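> Following this message is one structure expressed as structure tokens.
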Amino acid sequence: MMNGSAMSPSPSAGTPLDLSGICQTIGGYRSVFGGAVEDAPDVTTDEYAANQEKVNTRKTVDYLLPRVKSAGARSVLDVGCGVGAMVRTFLDLGYDAYGVDLPGLHRHWTRLSLPQERMFIVDPEGLRLPFADGSLDFVYTLGVIEHVGTSNGHSDRLPDYHARRKQWLREVFRVVRPGGVMLVAGPNRGFPVDVAHDLDSRASGVERWLSTKLRVSVHKTWGENFLWSYADLNRYLEGLSYRLDPQPIAGFLACSRVPRPVRPMVQAYVDHLPKWLHGTGFNPWVMALVHKPAPAADAVA
């Protein structure tokens, strides 16, 4: 256990940290994960990391930044930050930015010169964030929750995967301040095509045949799947006070993994999807802006 107070402010902006769960440092970064790095190896290749740095820097400026500004946010947290390019971009823009992810990714954080006081390693078996309740203005997690509750970190669902995802999402929402915002995103189970992942480990023979022929993952939109939907999000947050605002994915999804012959058509579909379809199975991604209500006195003010 590290020395120091369980509650301490960040060096620059006073975002309250809860360090009571920190049990070691890995590569200089504080960790809630108590095991060895080799128990949860990082499979991120240098080529993938370089691509993520380029793509995620653009997504931060073009897609996230306008929403952060609209929310009046100064403190931001990236849950599942990967190589840390989005955190790096927000820091360079002057935001009070933080990131968390699994063991092994710290080598990329070091390469990007991400400050050790702003990046944390979390446990893959149960999310515990090192922040106080209601401490952050804007918390986002992009393409992460569909891998929570899987045996392989990808698409093999554990029997209790819904319970694990409920705990995970509610923990993310816990650290959002009243009046703040959580942005949760990932491929939509209600949309029959997923260009970002392989099929669910229990996919049918028909799904596998179609996916092989079309060179993208084609899945049924009913029943169980490692992907998730707006209905799942509402199920996981049931009983909490929140307001859901489905977002467009134009400016976020570049369709670079879509087969080239149909890429322009798919990009046009994404870019011009009507607002009233954003929260439905017609949207290839769930892009959910979740508002935590401010106290009544603050709202009136």
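The values are calculated or read from the model by the stated rules, or taken from the named source; none is laboratory data. A quick note: this is a predicted structure, and the numbers were derived from the prediction, not measured. So basically every Cβ, Gly included, is an ideal-geometry build from the backbone, and we count neighbours across all protein chains shown. Surface accessibility is based on the protein's heavy atoms, side chains included, excluding ligands, DNA and RNA. Shrake-Rupley method; radii C 1.70, N 1.55, O 1.52, S 1.80 Å.
> Using the structure shown, decide if residue 199 is in contact with a Lys or Arg (Cβ under 9 Å, 6 or more places away or on another chain), within 30 Å of residue 258 (Cα to Cα), surrounded by 18 or more Cβ atoms within 10 Å (Cβ to Cβ) and not acidic (Asp, Glu). Can you show your working first?
Values: in contact with a Lys or Arg (Cβ under 9 Å, 6 or more places away or on another chain): yes; within 30 Å of residue 258 (Cα to Cα): yes; surrounded by 18 or more Cβ atoms within 10 Å (Cβ to Cβ): yes; not acidic (Asp, Glu): yes.
Here the answer is yes, as residue 199 does meet what is asked.
> Follow-up question, since we're still on this one. Look through the range 115-129, keep the residues that are open to solvent by 50 Å² or more (accessible area, probe 1.4 Å) and at pLDDT 95 or above, and return whichever of them is nearest to residue 141 (Cα to Cα).
128
> Quick check, is residue 242 surrounded by 14 or more Cβ atoms within 10 Å (Cβ to Cβ) and farther than 27 Å from residue 154 by Cβ?
Working: surrounded by 14 or more Cβ atoms within 10 Å (Cβ to Cβ): yes; farther than 27 Å from residue 154 by Cβ: yes.
The answer is yes for residue 242.
> Only residues that are hydrophobic (A, V, I, L, M, F, W, C) and in contact (Cβ under 8 Å) with a residue 60 or more places away in the chain: list them for the range 65-107, please.
Of everything in the range 65-107, those that are hydrophobic (A, V, I, L, M, F, W, C) and in contact (Cβ under 8 Å) with a residue 60 or more places away in the chain turn out to be 68, 71, 73, 76, 77, 79, 102, 105.
> Continuing with the same structure: Look through 171, 224, 238, 146 and report the one residue that is without any contact (Cβ under 8 Å) to a residue 12 or more places away in the chain and closer than 29 Å to residue 128 by Cα.
Every option except 238 fails the conditions.
> Also, quick follow-up: What is the one condition in (1) more than 17 Å from residue 183 (Cα to Cα); (2) not in a loop (DSSP other than H, G, I, E, B) that residue 245 does not satisfy?
(1)
> Moving on to the next point. Taking residue 206 and the conditions (1) in a loop (DSSP other than H, G, I, E, B); (2) surrounded by fewer than 14 Cβ atoms within 10 Å (Cβ to Cβ), which numbered condition does it fall short on, given that it satisfies the others?
(1)
> Follow-up question, since we're still on this one. If you check residue 254 against the conditions, is it in contact (Cβ under 8 Å) with a residue 60 or more places away in the chain and either assigned to a strand (DSSP E or B) or aromatic (Phe, Trp, Tyr) (or both)?
no
> Considering (1) closer than 20 Å to residue 284 by Cα; (2) in contact (Cβ under 8 Å) with a residue 40 or more places away in the chain, say which one residue 156 fails and leave the rest.
Single failed check for residue 156: (1).
> Turning to a different aspect of this structure: Can you name the residue in the range 150-163 that is under 28 Å from residue 135 (Cα atoms) and out of contact with any Ser or Thr (no Cβ under 9 Å at 6 or more places or on another chain) and is also surrounded by the fewest Cβ atoms within 10 Å (Cβ to Cβ) among such residues? Before you say what the answer is, go through the steps one by one.
The first filter runs over the range 150-163 and keeps only residues under 28 Å from residue 135 (Cα atoms), leaving 161-163.
With out of contact with any Ser or Thr (no Cβ under 9 Å at 6 or more places or on another chain) added as a condition, the list becomes 162-163.
On the way: 162: 17, 163: 12.
Among residues in the range 150-163 that are under 28 Å from residue 135 (Cα atoms) and out of contact with any Ser or Thr (no Cβ under 9 Å at 6 or more places or on another chain), the one surrounded by the fewest Cβ atoms within 10 Å (Cβ to Cβ) is 163.
> Here's a follow-up. I'd like to verify a number: residues in the range 217-233 that are open to solvent by less than 60 Å² (accessible area, probe 1.4 Å), within 16 Å of residue 279 (Cα to Cα) and either out of contact with any Lys or Arg (no Cβ under 7 Å at 6 or more places or on another chain) or of a type in the set (D, E, K, R) (or both), how many?
Adding up the residues that qualify gives 3.
> Moving to a separate point now. Could you say which residue among 150, 141 is hydroxyl-bearing (Ser, Thr, Tyr) and more than 14 Å from the chain's Cα centre (by Cα)?
Matching residue, one of 150, 141: 150.
> Among the numbered criteria (1) out of contact with any Phe, Trp or Tyr (no Cβ under 9 Å at 6 or more places or on another chain); (2) of a type outside the set (D, E, K, R); (3) modelled with pLDDT of 95 or more, which single criterion is violated by residue 281?
So residue 281 meets the others, but not (1).
> All but one of (1) modelled with pLDDT under 95; (2) under 16 Å from the mean Cα position of the chain (by Cα) hold for residue 170; state the number of the condition that does not hold.
(1)
> Then there's this: Within the range 169-190, which residues are open to solvent by 20 Å² or more (accessible area, probe 1.4 Å) and either within 19 Å of residue 286 (Cβ to Cβ) or in contact with a His (Cβ under 9 Å, 6 or more places away or on another chain) (or both)? Spell out the reasoning first.
From the range 169-190, those open to solvent by 20 Å² or more (accessible area, probe 1.4 Å) are 170-171, 174, 177-179, 189-190; that's our starting set.
Selection gives 170, 171, 179, 189, 190.
> Among the residues of the range 196-217, are any of a type outside the set (D, E, K, R) and touching a Phe, Trp or Tyr at 6+ places or on another chain (Cβ under 7 Å)?
Step one: filter the range 196-217 for residues of a type outside the set (D, E, K, R), giving 196-197, 199, 201, 203-206, 209-212, 214, 216-217.
Retained after the next criterion (residues that are touching a Phe, Trp or Tyr at 6+ places or on another chain (Cβ under 7 Å)): none.
No, the range 196-217 contains no residue that is of a type outside the set (D, E, K, R) and touching a Phe, Trp or Tyr at 6+ places or on another chain (Cβ under 7 Å).
> Being basic (Lys, Arg) and either under 17 Å from residue 269 (Cα atoms) or touching a Pro at 6+ places or on another chain (Cβ under 9 Å) (or both) is the filter here; which residues of the range 185-217 pass it?
Across the range 185-217, the qualifying residue is only 215.
> Residues in the range 268-280: is at least one more than 18 Å from the chain's Cα centre (by Cα), assigned to a loop (DSSP other than H, G, I, E, B), exposed (fewer than 12 other Cβ atoms within 10 Å of the Cβ) and not polar (S, T, N, Q)?
Among the residues of the range 268-280, at least one is more than 18 Å from the chain's Cα centre (by Cα), assigned to a loop (DSSP other than H, G, I, E, B), exposed (fewer than 12 other Cβ atoms within 10 Å of the Cβ) and not polar (S, T, N, Q), which makes the answer yes.
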